[in-house]
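Peer 1: I am attaching a structure below and will ask some questions about it afterwards.
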Amino acid sequence: MATIGAFTQRAAQLLVSVKFWRGTIAVVAFILVWEIASRTGLSQVPAPSGVVFTFNDLMRDPSYWFSWYLSVRRVFLGFLAAMLLGIPLGLGMAVSRTFSGIVFPVFEVLRPIPPLAWVPAAIIFWPTQELSIMFVTFLGAFYTVVINVIGGAQTIDVRYYQAARSMGSSGWDIFRRIILPATIPSIVVGATVGIGIAWAVVVAAEMISGGGSAGSMGGAKGGGLGFFIWNSYVGGSYTQIVVGMISIGIAGYISSALLRKLGELVTPWLRDQ
Amino acid sequence: MTLASTPTPSRGLGSVSTEHTGTARSAEIEVLDVSKSYGHAKFAKTVIRDCTFPILEGKLTVMIGPSGCGKSTLIRLLAGFERPTSGAITMRGKPVTEPGRDRLVLFQESALFPWMTTYDNIMFGPRARAEGGSEPGRRAEFLLDKVGLGAFRRKYPTQLSGGMQRRAELARAMINEPSVMILDEPFRGLDAMTRKLMQEYYANLYEETRRTTFFVTTDIDEAIFLADQILVMTNVPAKVRSVIDVNLPRPRRLEDVIENDDANLIKMRVLSLLHEEAMKSFARGSKAAADFIDAYSKRIRNPS
């Protein structure tokens, strides 16, 4: 009961705020201008009204949702691999000079190669197309995660080490209770940025690789959101292009929001009170 | 330009506060001819040179000196985070080479672990040494109440005020029962009111346990209020300029010390010493300034 009251109170506060109306009017105006421009032929971009209708149709089309599923899976699995591999690698490089001396040069030589440049090589190298695309999303997130982990671990205040050693901490204790927790905020940053890159990369990777082997199962609309956009362009359904773009935007937003929430859960000490 | 570096006997200060005349009090830590330089050969910067002094057992020794004179470096050497370039620091005869729980440091800025609650911070030492059982927990609870943070045991350091953070850090150190407490301008970042309160609070804490304490500050009032003995340092490279005993009665109360004549005499003495040292670093290389210091120091030594 209390929460419903609080909710309606917040909603009421929102409805009277100038900020809210400014923002809403701006968005509505933008959509109107777009609609008018499309109808009068000023712009070739499909009108919002058309987009809404197409969206409606697509919501009922299982192959559209299958595209969602494919893209999300490709991003998520690549991202997960990037975290599982990148965090230990980054920590290892920050903690051990020997390890860093061996791994970092190789890492730094490979890093400037854009993940998308890997797509043809990945297709040749990996047994399945799905794996190729996931490899590319992995790369997108991996470099960012590692760089952030190294940076976070290397900038830990020396006095924390001094205090811990004075009180009798062993090397392992310092790693577990000082280095690891102190690096978590940087890991969260690396993850948030990394998953954004993974999304950017998956769209293009899907366009290039033609939707992947699973794409043939979904048909023209079901090879992943990137493939969907490309195919819509090739097939001439321009409203679908816009729907695809908006879908990807929503997908990216949801992943970032989820990660942010996860990040907050994992760093309770950063909440301000 | 020569300035006498040995302390001249002070006159008219009575028996309550005297320049140090040497006693049979035992030293918990001995600093002997310690020097510390950074860098190599021509580019070496000597921060401490031939510094010698004892830290007396059961006493609160305050080191005061001009900014940048090497006090923080000395602290790092005492704590064992670094080793002297020459000379030796010994504790009860054994050389100090490593950090250890017998010498815990409270830094200028809070070194509480931000990702741990107050309770977990305090329990850090016992857990690091894998001390099992309920004893550490009980000690932690006791200390939490003692420093007045019982209600904040589950808060994070960022949720505590400056004074509270310092008290939490004191508790974190005390749970390990160190033989020596080393504090490096611990109240520096606090506002004036909190600072005064913390000074009195810490004096009481010390008086309860009489744990050997080495306290570094640049605040003369703070030094006189807390100290059993004051070490006045030269400017860099650091060396002990003067040792002043402070025999004010304990327990110390701020009101008593402010009004105390002997305390004020000590203050003037320390002030003039510090001023001299500070002026030296100010005037390094300038003959005119050096002459000025000469004349000035002569006036202080022979008040007409």
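Peer 1: If we keep just the residues of segment A:98-149 that are crowded, with 19+ Cβ neighbours inside 10 Å and over 19 Å from A:Ala204 (Cα atoms), which is nearest to the chain's Cα centre (by Cα)?
Peer 2: Selected residue: A:Val145.
Yes or no, residue by residue, for (1) in contact with a Leu (Cβ under 6 Å, 6 or more places away or on another chain); (2) not β-branched (Val, Ile, Thr):
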residue: B:Lys155; (1), (2): no, yes
residue: B:Leu170; (1), (2): no, yes
residue: B:Glu185; (1), (2): no, yes
residue: B:Tyr206; (1), (2): yes, yes
residue: B:Thr218; (1), (2): no, no
residue: B:Asp228; (1), (2): yes, yes
residue: B:Val240; (1), (2): yes, no
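Peer 1: Of B:Ile122, B:Ile89, which residue is farther than 30 Å from A:Leu270 by Cβ, out of contact with any His (no Cβ under 6 Å at 6 or more places or on another chain) and β-branched (Val, Ile, Thr)?
Peer 2: B:Ile89
Peer 1: Of the residues that sit in segment B:157-174 and are facing chain A (nearest Cβ under 9 Å) and surrounded by fewer than 22 Cβ atoms within 10 Å (Cβ to Cβ), which one is nearest to A:Arg165 (Cα to Cα)?
Peer 2: B:Pro157
Peer 1: Of the residues A:Ser67, A:Ser49, A:Ser43, which single one is crowded, with 18+ Cβ neighbours inside 10 Å and either among the basic types (Lys, Arg) or within 29 Å of A:Ile241 (Cα to Cα) (or both)?
Peer 2: After applying the criteria, what remains is A:Ser67.
Peer 1: Among the candidates A:Ala164, A:Ala204, which residue alone is touching a helix residue (DSSP H, G or I) at 6+ places or on another chain (Cβ under 8 Å), within 30 Å of B:Arg101 (Cβ to Cβ) and in the same structural domain as A:Asp57 (by TED's automatic domain parsing)?
Peer 2: Only one candidate passes the filter, namely A:Ala164.
Peer 1: Another question about this same structure. Out of B:Asp50, B:Asp102, report the one residue that is farther than 20 Å from B:Glu185 by Cβ, in contact (Cβ under 8 Å) with a residue 40 or more places away in the chain, touching a Pro at 6+ places or on another chain (Cβ under 9 Å) and within 14 Å of another protein chain (Cβ to nearest Cβ).
Peer 2: Only one candidate passes the filter, namely B:Asp102.
Peer 1: Answer yes or no: is there a residue in segment B:186-197 that is within 14 Å of another protein chain (Cβ to nearest Cβ) and either crowded, with 22+ Cβ neighbours inside 10 Å or within 18 Å of B:Phe124 (Cβ to Cβ) (or both).
Peer 2: Scanning segment B:186-197, I find at least one residue that is within 14 Å of another protein chain (Cβ to nearest Cβ) and either crowded, with 22+ Cβ neighbours inside 10 Å or within 18 Å of B:Phe124 (Cβ to Cβ) (or both), so the answer is yes.
Peer 1: Is there a residue being in a strand (DSSP E or B) and in contact (Cβ under 8 Å) with a residue 24 or more places away in the chain anywhere in segment B:168-181?
Peer 2: yes
Peer 1: In addition: Looking only at segment B:118-133, which residues are facing another protein chain (nearest Cβ under 8 Å) and either crowded, with 20+ Cβ neighbours inside 10 Å or in contact with a strand residue (DSSP E or B) (Cβ under 8 Å, 6 or more places away or on another chain) (or both)?
Peer 2: B:Phe124, B:Gly125, B:Ala128
Peer 1: Residues that are assigned by TED's automatic domain parsing to the domain that holds A:Arg177: find the helices (runs of 4 or more DSSP H) completely inside segment A:1-104 holding 2 or more of those.
Peer 2: Per the criteria, A:48-59, A:62-95.
Peer 1: Further, regarding this structure: Could you go through segment B:60-72 and let me know if any residue there is of a type outside the set (A, V, I, L, M, F, W, C), assigned to a helix (DSSP H, G or I), buried (at least 16 other Cβ atoms within 10 Å of the Cβ) and away from chain A (no Cβ under 14 Å).
Peer 2: Yes, that holds for at least one residue.
Peer 1: Being in contact with a Pro (Cβ under 9 Å, 6 or more places away or on another chain), small (Gly, Ala, Ser) and either at pLDDT 90 or above or closer than 20 Å to A:Ala200 by Cβ (or both) is the filter here; which residues of segment A:221-273 pass it?
Peer 2: Once the filter is applied, which keeps residues that are in contact with a Pro (Cβ under 9 Å, 6 or more places away or on another chain), small (Gly, Ala, Ser) and either at pLDDT 90 or above or closer than 20 Å to A:Ala200 by Cβ (or both), segment A:221-273 yields only A:Gly263.
Peer 1: Right, next: So, in segment B:38-71, how many residues would count as being of a type in the set (A, V, I, L, M, F, W, C) and within 20 Å of B:Leu274 (Cβ to Cβ)?
Peer 2: 9
Peer 1: Of all residues in segment A:166-177 being within 8 Å of another protein chain (Cβ to nearest Cβ) and either touching a residue at least 12 places away in the same chain (Cβ under 8 Å) or surrounded by fewer than 22 Cβ atoms within 10 Å (Cβ to Cβ) (or both), which is nearest to the chain's Cα centre (by Cα)?
Peer 2: Taking the candidates together, the pick is A:Arg177.
Peer 1: If A:Gly194 meets every condition in (1) touching a residue at least 12 places away in the same chain (Cβ under 8 Å); (2) more than 9 Å from every other protein chain (Cβ to nearest Cβ); (3) assigned to a helix (DSSP H, G or I); (4) more than 17 Å from A:Leu84 (Cβ to Cβ) apart from one, which number is that one?
Peer 2: With (1) touching a residue at least 12 places away in the same chain (Cβ under 8 Å); (2) more than 9 Å from every other protein chain (Cβ to nearest Cβ); (3) assigned to a helix (DSSP H, G or I); (4) more than 17 Å from A:Leu84 (Cβ to Cβ) applied to A:Gly194, the lone miss is (4).
Peer 1: Sticking with this one: So B:Gln108 clears everything in (1) more than 12 Å from chain A (Cβ to nearest Cβ); (2) in contact with a strand residue (DSSP E or B) (Cβ under 7 Å, 6 or more places away or on another chain) except one condition, right? Which one?
Peer 2: (1)
Peer 1: Something else: Please tell me if B:Pro136 is more than 18 Å from B:Ala168 (Cβ to Cβ) and either surrounded by 20 or more Cβ atoms within 10 Å (Cβ to Cβ) or more than 8 Å from every other protein chain (Cβ to nearest Cβ) (or both).
Peer 2: So B:Pro136 fails the test.
The values are calculated or read from the model by the stated rules, or taken from the named source; none is laboratory data. What you are looking at is a predicted structure, and each value in this text was computed from that prediction instead of being measured. Every residue, glycine as well, gets a Cβ built from its backbone with ideal geometry; the counts of neighbours run over all protein chains shown.
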